[in-house]
Amino acid sequence: MGSMKPVKTNKAEEPELEPLCCCEYIDRNGEKNHVAACLCDCQDLDEGCDRWITCKSVQPETCERIMDTISDRLRIPWLRGAKKVNISIIPPLVLLPVFLRVASWHFLLGGVVLTSLPVLALWYYYLTHRRKEQTLFFLSLGLFSLGYMYYVFLQEVVPKGRVGPTQLGLLTCGLFLILLALYRAKKNPGYLRNPASNDRPLSSGQTECLTRKGQEKTKGFPGAESSGSLNNRTPKDEPKGSSRVLVGSPTKVKEDWCAKCQLVRPARAWHCRICGICVRRMDHHCVCCVGESNHQAFILAISIFLLTSAYGITLTLDTICRDRSVFTALFYCPGVYADYSSALSFTCVWYSVIITAGMAYIFLIQLINISYNVTEREVQQALRQKTGRRLLCGLIVDTALSCKNQSSGIHSSSGMTSLRN
C-alpha cells in the first residue's frame, strides 16, 4: 500500500455578504439599512424636535449627531446599493434659484439679496476653513451657477432675437472649455505619498521606525517640538523670522519631516490641513487643492471664465437694454423691472458681475504671485510670522523670501507678492 498523503484542511471560509439591492446600504454603524427607513429610529432627531417645539436650547453635540445621521441616511438608489449624497451640495441647488427669482421682483430686493449672497458665501468659507472640513459647497455653487446662468440665457435672452447662432456657439464653447479646465484642475495637485504605503499599509513597527527617523531629523532644529513634528508646529510657536530653509544646519537642508504623512517634504511643499496630505509647491486650497501639478489648469480655468462671463454679460445687456453701452446699461436700464423676464435676466447679470469681479481679483493675485515666484501659502506664512511688509494698502506684501533653488531651477525673486484677503 502506498503511503497516504496528508489531506490539507482549508480554513473556515467567512460567509459572504448578501448583495445589496438598489435601495439598501451599509450605514455608519456597519448595519444594513434601507432608504425607506431614513426617518426611523432617530432618537437624536426626536429629542431635538421636542426641544425646538418647547423652545428649549439644543446642545451642540446633539446638533452634530443629527447632522451626521442626516448625512449618513441621505442617499439615492443605485446599482449594488444606495449611494451617499454629500449634504453640502444641496443648498446651492435650492437656494440660488429662489434668491435670484426673489431678487428680480424689485430693485430693492435685488440689492439686499445680491449683497447678502457674497457675505454668506465668505462666512461659510471661513467657517469651513477654520474647522478644517472638506466641503463640496463651493464646487456645487460654482458649477450650478454656470449651469443656471446658461439656462436663463437660453430661456430669457435668446428668444428675444438679438443673439445670433455664432454668438451662442461661442458662449457655449466657452462654457465647455471652463468645465474642461476645471476637470483638469481637480486632478492630482502634486500629492506627496509615502513610498512604503504605495503597495501595502504600514505596520505598527514601520510606523514607529518612521516616527523615530522623523524625530532624529527634527532633533536640534530651532523651534522644533518634542514630538519631532515640524508640521504640527503652529506659526505662533515658531521664532520670528524663521523659515523652512534650514540655513543653520551644516548641510543646509531644505527638506523637513511631516509626522502626519510620514515622509520627508521637499522645499516649498506644505501639508494641506483640509486634504490631509502634503502637496508639492502648495499654493492654496479653495474649491480644490492647488499645487505644482494643477496650478496651470487653475489659472487657465479662471482666465477662460473671465472671458466667457464678460462676453455673456455683454450679450445679455445688449439684448435687454438696447442702444446703451455696457457700463451705462449696468447702472441705468429704465423699464427693466416692468417685464419679469428682463428683470430676471438683469438680476442674473448683476450676480455674474459680482462673481466675475471676485474671480478677477483672485486672477490678479495669482498673476502677481507667479511674477514674483512665491505662493499664496508662503505669503500667509509670512504674515502670520509678522515677517511680511504690506504695500499699496495691503494689495502687495514684501515677504522677504528668497526662492533661489539651483537644483530645481527656481530663480531668485524679490519676494514681492500679493495678499489674498
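Can you tell me which residues in the stretch 325-374 are surrounded by 16 or more Cβ atoms within 10 Å (Cβ to Cβ), within 21 Å of P159 (Cα to Cα) and β-branched (V, I, T)?
Result: V336, T347, V349.
How about the stretch 91-108: which of its residues are over 15 Å from L120 (Cβ atoms) and either touching a residue at least 60 places away in the same chain (Cβ under 8 Å) or open to solvent by 60 Å² or more (accessible area, probe 1.4 Å) (or both)? Full working, then the answer.
Taking the stretch 91-108 as the starting set, the residues that turn out to be over 15 Å from L120 (Cβ atoms) are 93, 97, 101, 104-108.
Across the stretch 91-108, the qualifying residues are L93, R101, S104, W105, H106, F107, L108.
I need every pair where a residue in the stretch 272-299 that is open to solvent by 40 Å² or more (accessible area, probe 1.4 Å) has its Cβ under 7 Å from the Cβ of a residue that is part of a strand (DSSP E or B), sequence separation at least 6 or different chains.
Between residues of the stretch 272-299 that are open to solvent by 40 Å² or more (accessible area, probe 1.4 Å) and residues that are part of a strand (DSSP E or B), the close pairs are R280/L192.
Take G81 and decide whether it is part of a loop (DSSP other than H, G, I, E, B), buried (at least 16 other Cβ atoms within 10 Å of the Cβ) and in contact (Cβ under 8 Å) with a residue 12 or more places away in the chain. Even if it seems obvious, please write down each step before you answer.
Working: part of a loop (DSSP other than H, G, I, E, B): yes; buried (at least 16 other Cβ atoms within 10 Å of the Cβ): yes; in contact (Cβ under 8 Å) with a residue 12 or more places away in the chain: yes.
Yes; evaluated as a whole, the condition is true for this residue.
I'd like to check something: does the stretch 101-121 contain any residue that is within 17 Å of the chain's Cα centre (by Cα) and aliphatic (A, V, I, L, M)? Spell out the reasoning first.
Going through the stretch 101-121, the residues within 17 Å of the chain's Cα centre (by Cα) turn out to be 118, 120-121.
Filter again for aliphatic (A, V, I, L, M), leaving 120-121.
Yes: the stretch 101-121 contains one or more residues that are within 17 Å of the chain's Cα centre (by Cα) and aliphatic (A, V, I, L, M).
Tell me, which residue of the stretch 255-271 that is at pLDDT below 85 and closer than 20 Å to H295 by Cβ is surrounded by the fewest Cβ atoms within 10 Å (Cβ to Cβ)?
Just the residues of the stretch 255-271 that are at pLDDT below 85, to begin with: 255-268.
With the extra rule that they be closer than 20 Å to H295 by Cβ, the set shrinks to 265-268.
On the way: R265: 22, P266: 16, A267: 18, R268: 24.
Out of the qualifying residues, it is P266.
Under 9 Å between Cβ atoms, at least 6 apart or on separate chains: pull out the pairs that start in the stretch 173-195 with a residue that is farther than 19 Å from Y311 by Cα and end on any residue that is in a helix (DSSP H, G or I) and open to solvent by 80 Å² or more (accessible area, probe 1.4 Å).
R184/Q296; R184/L300; A185/Q296; A185/L300
Can we say S88 is within 30 Å of A36 (Cβ to Cβ), modelled with pLDDT under 80, in contact with a helix residue (DSSP H, G or I) (Cβ under 6 Å, 6 or more places away or on another chain) and not in a strand (DSSP E or B)?
Details: within 30 Å of A36 (Cβ to Cβ): yes; modelled with pLDDT under 80: no; in contact with a helix residue (DSSP H, G or I) (Cβ under 6 Å, 6 or more places away or on another chain): yes; not in a strand (DSSP E or B): yes.
Against the criterion (within 30 Å of A36 (Cβ to Cβ), modelled with pLDDT under 80, in contact with a helix residue (DSSP H, G or I) (Cβ under 6 Å, 6 or more places away or on another chain) and not in a strand (DSSP E or B)), S88 does not qualify.
Looking at R322, is it over 20 Å from the mean Cα position of the chain (by Cα), open to solvent by 30 Å² or more (accessible area, probe 1.4 Å), among the basic types (K, R) and under 21 Å from L171 (Cβ atoms)? Quick ask: steps written out before the conclusion?
Numbers: over 20 Å from the mean Cα position of the chain (by Cα): yes; open to solvent by 30 Å² or more (accessible area, probe 1.4 Å): yes; among the basic types (K, R): yes; under 21 Å from L171 (Cβ atoms): yes.
Judged against the criteria, R322 is a match.
List pairs: first residue in the stretch 362-383 and among the β-branched types (V, I, T), second residue open to solvent by less than 30 Å² (accessible area, probe 1.4 Å) and at pLDDT 85 or above anywhere in the structure, Cβ distance under 6 angstrom, at least six positions apart or on different chains.
If the second residue must be open to solvent by less than 30 Å² (accessible area, probe 1.4 Å) and at pLDDT 85 or above, the pairs left are T375/D283.
Out of the residues in the stretch 297-321 that are out of contact with any Lys or Arg (no Cβ under 8 Å at 6 or more places or on another chain) and of a type in the set (S, T, N, Q), which is farthest from Q155 (Cα to Cα)?
S303
For G142, all conditions in the list (1) within 21 Å of V152 (Cα to Cα); (2) surrounded by fewer than 14 Cβ atoms within 10 Å (Cβ to Cβ); (3) among the small types (G, A, S) hold save one; what is the number of the exception?
In the conditions (1) within 21 Å of V152 (Cα to Cα); (2) surrounded by fewer than 14 Cβ atoms within 10 Å (Cβ to Cβ); (3) among the small types (G, A, S), G142 misses (2) alone.
Rundown of residues vs (1) at pLDDT below 90; (2) not in a loop (DSSP other than H, G, I, E, B), yes/no style:
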| residue | (1), (2) |
| --- | --- |
| S71 | yes, yes |
| L96 | no, yes |
| V113 | no, yes |
| L127 | yes, yes |
| K132 | yes, no |
| L146 | no, yes |
| V158 | no, yes |
| L168 | no, yes |
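Residue-by-condition table, conditions (1) within 20 Å of the chain's Cα centre (by Cα); (2) assigned by the TED database to the domain that holds Y351; (3) at pLDDT below 95; (4) more than 30 Å from D339 (Cα to Cα):
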site: P165; (1), (2), (3), (4): no, yes, yes, no
site: L182; (1), (2), (3), (4): yes, yes, yes, yes
site: N194; (1), (2), (3), (4): no, no, yes, yes
site: D199; (1), (2), (3), (4): no, no, yes, yes
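Could you tell me which numbered condition K217 fails, if it satisfies all but one of (1) at pLDDT 85 or above; (2) part of a helix (DSSP H, G or I); (3) open to solvent by 90 Å² or more (accessible area, probe 1.4 Å)?
(1)
The values are calculated or read from the model by the stated rules, or taken from the named source; none is laboratory data. Since the model is a prediction, treat every value here as computed from it, not as a measurement. In this analysis, Cβ positions are derived from the backbone assuming ideal geometry, glycine residues included, and neighbour counts consider all displayed protein chains. SASA here: full protein model, heavy atoms, side chains in, ligands and nucleic acids out. Shrake-Rupley method; radii C 1.70, N 1.55, O 1.52, S 1.80 Å.
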